[in-house]
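Structure first, then comments.
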Amino acid sequence: MTEVLLRGVRVHHGFLDRARQEALVESLRGCLRQAPLFHPVTPRGKRMSVAMSAAGRFGWVTDRKGYRYEERHPDGMPWPEIPDDVLEIWNAVSGSARAPECCLINWYGDGAKMGLHQDRDEIDFSEPVVSISLGDEALFRVGNDTRGGKTESIWLRSGDVAVMGGEARLRYHGIDRIRHGSSSLLPQGGRINLTLRVVT
């Protein structure tokens, strides 16, 4: 395992070996059976290319009403509990005394991406955001605390874990593209990204 610091974002390359990645995917399949993936729509009515679900007390949603956390899936059911093997990762890298209240599950198929954005729908920005990458490689771009200016990028591989905390907590960040077929973890390719947050 190697560690890289990118504009304050701590990236742990190779944090999860193949066996732990496979076990994690199976845990997530259980979550998605209870709370299926859906494609959110932005407040402006644009369908996002990334499909989403969640586990924990809250899930993050967006629709015509705006960006927010909700305690139920858009179909009405409560979110499943965050799997223990996901919580183990949070406990190992977050440095937080609190447990995460949301595990956002993002699915990137071929051509999916995520524009530069801040994670600021939470209340306490002293708590970090922990990101777990599974499957195909993704080009992760990190900018500044405000829009504009220079950015830097790094390829995230399956099993990598990134921590956005401290000075990096409100950095603009996004996924520019996916290197489809770069991992054999998921049978049909694609990338799963988990982001763990303390919401309240």
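Where a number appears in this text, it was derived from the coordinates with a stated rule and is not lab data. Since the model is a prediction, treat every value here as computed from it, not as a measurement. No Cβ is skipped: glycine too gets one built from the backbone with ideal geometry, and neighbour counts run over all protein chains shown.
Looking only at residues in the range 186-200 that are surrounded by 19 or more Cβ atoms within 10 Å (Cβ to Cβ) and not basic (K, R), the one that is farthest from S158 (Cα to Cα) is V198. Listed by position, the strands (runs of 3 or more DSSP E) contained in the range 1-98 that have at least 2 residues being farther than 17 Å from R197 by Cα are 2-6, 9-13. Those strands (runs of 3 or more DSSP E) of the range 149-200 in which at least 3 residues are within 12 Å of G109 (Cα to Cα) and under 14 Å from the mean Cα position of the chain (by Cα), considering only elements entirely within it, cover 191-197. Give the residue that is nearest to the chain's Cα centre (by Cα), with candidates limited to residues of the range 115-137 that are farther than 22 Å from G166 by Cβ and outside any loop (DSSP other than H, G, I, E, B). Residue satisfying both the conditions and the ranking: L134. For the range 63-89, the candidate set comprises residues that are within 13 Å of C31 (Cβ to Cβ) and among the acidic types (D, E); within that set, the residue that is surrounded by the fewest Cβ atoms within 10 Å (Cβ to Cβ) is D84. When you look at E167, is it surrounded by fewer than 22 Cβ atoms within 10 Å (Cβ to Cβ), in contact (Cβ under 8 Å) with a residue 60 or more places away in the chain and out of contact with any Cys (no Cβ under 7 Å at 6 or more places or on another chain), yes or no? In short, yes.
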